[in-house]
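> Sending over a structure as structure tokens; questions will come in a sec.
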């Protein structure tokens, strides 16, 4: 019986700590859904639905058209996405949060946002490679994460956690790869 009491107390503590986040999530959802306008629907859906196609096409262009460092840059970007996606997909199954629009499938749960995690991880890698373009890469990542809130597919905390995972795990992976000599450094022309 003490195990049941301890488990219940832990769950109650977790619930009490998460309640303010849940309240903020629902308030942000209410505000963002109030911003929805017909002219913004198509662009938000394109960013959200075809982002992965755009990313892989962009990495192919980077590999082919940006000189000797291109293939290494694309390789590093793809390598960074592997642990980010493993972490996100594991957390989705563990947390199993219902999406704001009501969809509830463990394999496609709301928390955390994989779109936001991938966009942030790519922004991290590409802004390290092309520092002058960093604001554009981060703006694109914010646009992707924002589109998920706008389309009512994620709560604010889902997107923020996705960004944190993308940046945090992306940074660790990038540093790990660079420590092993897998980088675009030294391969740039000019």
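A short reminder: the numbers here are calculations on the coordinates, not readings from a lab. All values derive from a computational prediction rather than experimental measurement. Using ideal geometry, Cβ is built from the backbone for each residue, glycine included, and neighbour counts are taken over all protein chains shown.
> Just rank 158, 22, fewest to most, by other beta-carbon atoms within 10 angstrom.
22, 158
> What is the angle, in °, between the Cα long axis of helix 156-179 and the longest principal axis of the Cα atoms in the chain? Nearest 10 is fine, range 0 to 90.
For 156-179 against the chain, the angle is about 40 degrees.
> Here's another thing I want to ask about it. Rounded to the nearest Å, what's the spacing between the alpha carbon centres of segment 153-184 and segment 92-147? Just the number, please.
10
> What does the extension gain come out to for residue 27 and residue 46, with contour length at 0.36 nm per residue minus their alpha carbon separation?
4.3 nm
> Neighbouring Cβ atoms within 10 Å as the yardstick, rank 50, 150 fewest first.
Arranged by neighbour count, lowest to highest, 50, 150 become 50, 150.
> Okay, moving on. Angle check, please: helix 38-65 long axis (alpha carbons) against the longest principal axis of the chain (alpha carbons), in degrees 0 to 90, nearest 10.
40
> What FRET efficiency comes out for the pair residue 101/residue 37, r = Cβ-Cβ distance, R0 = 25 Å, nearest 0.05?
About 0.90, to the nearest 0.05.
> Please list 36-43, 140-147 highest first by mean number of surrounding beta-carbon atoms within 10 Å per residue.
140-147, 36-43
> What's the angle, to the nearest 10 degrees (0 to 90), between helix 134-150's Cα axis and the longest principal axis of the chain?
30
> Work out Dmax and Rg for segment 36-179 from the C-alpha atoms and quote the Rg first, both in angstrom.
Reported Rg and Dmax, both Å: 15.2, 48.
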